[in-house]
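Reading through the structure tokens given below for one structure.
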Amino acid sequence: MDIRVTAGDITQSDADVVIVNLFEGVASPGGATGAMDRALDGAISKLIELGDLRGKSGEFVTIHTFGKIPAPRVVVAGLGKREDFDIDAVRNLAANVLRHVRKPGVSRVATIVHGAGIAGLDPAACAQAIAEGALLGTYRFERHKAKTNNNDEKAEISELTIVEHDQSKVAVMQEAVERGKALAAATNFARDLANEPSNHLTPTELAARATAMVNSAGGLEIEVLEREDMERKGMGSLLSVAKGSHQPPKLVRISYRGREGDGYDLAFVGKGITFDTGGISIKPAAGMEAMKADMTGAASVIAAMQAIAALKPKVNVVAVAPCTENMPGGGASKPGDVVTAMNGRTIEILNTDAEGRLVLADAICYAKELGAQHIVDVATLTGAVSIALGDVCYAVLTNNDELATKVERAAAAAGEKTWRLPMFKEYDELLKSDVADIKNVGTRGAGTIAGAKFLEPFAEGTPWVHLDIAGVDMSDKDKGWVTKGASGYSVRTLVNLALQWGA
Ligand code: BES
Ligand code: ZN
Ligand code: ZN
């Protein structure tokens, strides 16, 4: 989709659909919607008077224009109550309205800048949110579908024009659109990876797609560690998960340097289990297919690097993605096994389905060896996080409040909700092992906290934040910027964090 900001009068647009808006409770619209109302001989005010248009959030009313203006259709989008309207609402509205108007014959869409008028939001921020919402909301994963005869499934919006009446704002708005496009493209790249079935997206293929991205993005450097490299580095924890699979593990490292000097201000570490059967502690059959997306952490950190390369913040960032299958093959780890991680810590594996923390342990050690000063890991780590938080927000756990606050601010700017869970030292008891330094599962509740508590000692005091995205990584429906399938949660949070760090 091509997205452009132009100055002009929206009533003169010749797009296939023109979108204007209305707040709840407004009897006679002003601004661009008012101008459209006059061009349509009062049709909008008449619909309000009739009660057929109320400005409620989620309401879309189509008006056919029959030659009164160049565009054949106008859609009036309800914005809801003015006091509830914010940038997140702009992003979600753009997504919802474009899905609503998408059909055969609608290829060019023009819209006014929702929110910049009477809601008083920053026009550039609105433009960025519209670009993000448009590109995220119209995402579909159709790689494995036959070319369909269903016209609705084929329909694509090729052009979105954001019409602003004030010429002096166009340049800064277009710049914001470009930022939104980079953020959305990275998120859609992560979605493509996570939606891919595990027989297509093996660790080898994941590394190949990361390499292809790095080659086309420019400004990034990639290294892929093989099993022998991991053996040499003593990554016994990561290798213990890979042992049960015929697919070779890969550890992907992608570096971006936006400032002079060594080390990395930020390390993004992402869980890359391309399929999680549970291993010998095998999962029940029902719903196991969702475990093809147990690599959304890896997808997020890899994809975030694409946007960081495009937006060039003045910060050094490294992404580390330990990628493997978790399979119950003849070589698989067994409950009770003890393995040694890269930093020498011994781990008693009591449940082979708690494999995410095992691969992250070595990846966190590796990030530290690379010179990471702050670490953010992203993982579909626990089913427990869905019990606690559902699909509304993801969990943030940390050894450093300052870093966590920065991550939470970056998430809020992305329209991603987060919730902090506690890391009281009492929870350390959960993971005390009789035979090793730590065991990989707790005994009772607090499953998400136990997962974070397992990871904490591998950060060894380096400021670290753990994001458990297992509740939000997949969606069963389209809703605002989130589309069915892989959601792409955390990609824009990571990119925003790098942008804020470099600002
Ligand atoms: N990949 C799962 C967590 C998960 C569950 C992600 C549902 C997305 C949806 C993880 O590897 C796992 O199996 N965790 C176990 C941990 C337990 C054995 C301590 C879990 O949550 O049951
Ligand atoms: Zn598991
Ligand atoms: Zn898993």
Tally up the carbon and sulfur contribution to the accessible surface of the chain as a whole percent, 1.4 Å probe, everything protein left in place. 50 percent
Compute from the Cα atoms of segment 93-232 the Rg and the Dmax, the latter being the longest Cα-Cα distance, and quote both in angstrom. 19.2, 62
Calculate, in nm to one decimal, what Asp122 and Glu178 gain on full extension: separation in residues at 0.36 nm each, minus their alpha carbon distance. 18.6 nm
Measure out, as a whole number of angstrom, how far apart the alpha-carbon centroids of segment 99-126 and segment 448-503 sit. 28 Å
Binned at 5 Å starting from 0, the alpha-carbon pair-distance distribution of segment 340-423 in whole percents comes out as 3, 11, 19, 21, 22, 14, 8, 2
When the gyration tensor of segment 444-485 is built from Cα positions, what are the square roots of 5 times its three eigenvalues, in whole Å, from largest to smallest? 29, 14, 6
How do Glu355, Glu228 rank by accessible surface area computed with a 1.4 Å probe, from largest to smallest? Glu228, Glu355
Which of the pairs Lys56/Lys147; Lys243/Lys312; Lys181/Lys477 have their Cα atoms more than 32 Å apart in this structure? Lys56/Lys147; Lys243/Lys312
Kirkwood-based Rg over Rh for the chain (C-alpha set), two decimals? 1.03
Ranking Trp419, Trp481 from most to least accessible area with a 1.4 Å probe gives Trp419, Trp481
Which of the lysines could be linked to Lys425 by a straight reach, that is with a Cα gap under 19 Å, when you skip same-chain ones fewer than 8 residues away? Lys439, Lys453
If you take the beta carbon distance between Ser216 and Phe141 as r and set R0 to 22 Å, what does 1/(1 + (r/R0)^6) give as a FRET efficiency, to the nearest 0.05? 0.65
What is the Cα radius of gyration of segment 429-503 over 2.2 N^0.38 Å, N being its residue count? 1.48
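Sort 369-382, 93-106 for me by packing, meaning the mean count of neighbouring Cβ atoms within 10 Å per residue, highest on top.
On the way: 369-382: 24.0, 93-106: 19.9.
Going from most to least packed, we get 369-382, 93-106.
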Can you compute the modelled spin-label distance between Lys477 and Ile282, with each label point 7 Å from Cα toward Cβ, in nm? 3.5 nm
To the nearest Å, what is the center-to-center distance of segment 340-415 and segment 209-266, using C-alpha atoms only? 17 Å
Distance (nanometres) between label positions extended 7 Å along Cα→Cβ at Gln500 and Asp428: 2.9 nm
At a temperature of 10 °C and a viscosity of 1.306 mPa s, determine how fast segment 384-489 diffuses translationally according to Stokes-Einstein, using the Kirkwood radius over alpha-carbon pairs as Rh; express D in µm²/s, rounded to the nearest whole number. 107 µm²/s
Span-like helix ranges in the chain, DSSP H, alpha carbon extent 24 angstrom or more, Kyte mean at least -0.5: 170-195
Computed curve, segment 46-127, Cα-only Debye sum without solvent term, log₁₀ I(q)/I(0) at 0.20 Å⁻¹, is -1.02
Counting only heavy atoms of the protein chains, get the accessible area per residue of the chain (1.4 Å probe) and round it to a whole Å² value. 39 Å²
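The values are calculated or read from the model by the stated rules, or taken from the named source; none is laboratory data. These numbers were taken from a predicted model, which means no experiment stands behind them. Positions of Cβ are backbone-derived with ideal geometry, glycine not excepted, and every protein chain shown enters the neighbour counts. When the accessible area is computed, the model is the full protein with side chains, heavy atoms only, and any ligands, DNA or RNA have been set aside. Shrake-Rupley method; radii C 1.70, N 1.55, O 1.52, S 1.80 Å.
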